[in-house]
């Protein structure tokens, strides 16, 4: 057990908790602040949002010990907050709540947006609030409420506050606890030196959430395929939505990949480390990326090996591991992701085959990845398979 001391809603508090205790459980169980609601408990729905040192944080995936000595504000701490009173009145006026379960997190996230948004742009509000989910309202009233408060404040001459209290990168509470202070220093250094971040992103120091294998065959000799895999921009052009930004430096390359998920189009920008062993025709790619708009992150690990398949063919064996964080983690179910990855690998294999057979003429980059189309394609395939099994049994 660990004694965790915080300032919650302006009052110093302490409690003896296990190291694994989340901040949400800490304020609810130890201090009876049950206005912080627990929904998904995966950091996706936003119902548990609180302020940590003035910045919104998902309290269900934030350890209480990581916030030692920080200032935490739950929904109960806004009773005398002028901006929150204005926002609550707008929520009531626009019928922006029904069951009310999402409302505490929605209000705290909305307050943060009102503080920093330059204007009441509806699209920008919908994007900024996309990390807070509501099962009742359809979001129209919520958007109108936030839009109205922003417009009213800007009309009164209240200027936006850039960053809305954000002064440093790092996890919630990282400006306080001794155990996590080095994280803040490292994050600040990465922000000041973006090029150094590429070389020191710690891509090897993590474990995939899910790992699976895939393979495909290319109708070209193994030496030719191996040389092609050394051309990073060409390989990236075969992967839907991917592109390389700049040249590779010491085995490290920056790039991006864009994914269409319904109305959301996250674009992950990040860095990858590439290792190759010519003696065994094998290699490893470790990458990480972040989408600023959805605040989602991803990490990936690909091990590949080329073997001579005979008759001038090459077998490519892949081991793929990944981890998704943030709102898009809801799309990370391992069984679906494995089937989707299998279809992506098939597209990649066709593009590699076309590129190698193009006689030096580079084909256009592969189309962006439409995750929704892939998802429903996989779902339809599963339904067909189950129907076939059902009819086979009944026959």
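Bear in mind these aren't lab numbers, they're just calculated from the coordinates by the rules spelled out. All values reported here derive from a predicted model rather than from experimental measurement. Cβ atoms come from the backbone with ideal geometry, glycine included; neighbour counts cover every protein chain shown.
Just a few scattered comments:
- Efficiency of FRET from Cβ geometry, residue 80 and residue 2, R₀ 22 Å, rounded to 0.05: 0.10
- Residue exposure proxy: 136, 60, 67, ordered by other Cβ atoms within 10 angstrom of their Cβ from fewest to most, comes out as 136, 60, 67.
- Whole-angstrom gap from segment 266-321 to segment 215-243, using each part's C-alpha centre: 11
- Relative contact order of segment 47-90, defined on C-alpha pairs under 8 angstrom at six or more residues apart (%): 35
- For the pair residue 32 and residue 248 in one chain, pulling the backbone fully straight at 0.36 nm per residue adds 72.5 nm over the alpha carbon distance.
- Length gained when the stretch residue 41-residue 210 is fully extended (0.36 nm per residue, less Cα-Cα span): 58.9 nm
- For residue 152 and residue 347, the FRET efficiency from 1/(1 + (r/R0)^6), where r spans their Cβ atoms and R0 equals 35 Å, is about 0.10.
- Given their separation in residues at 0.36 nm each and the Cα-Cα distance between them, residue 140 and residue 119 gain 5.8 nm when the chain is fully extended.
- The distance from the alpha carbon centre of segment 142-162 to that of segment 40-82 is 23 Å, rounded to a whole number.
- Here the Debye sum runs over all C-alpha atoms of segment 54-175 as equal scatterers in vacuum, and log10 of I(q)/I(0) at q = 0.13, 0.18 Å⁻¹ comes out as -0.53, -1.00.
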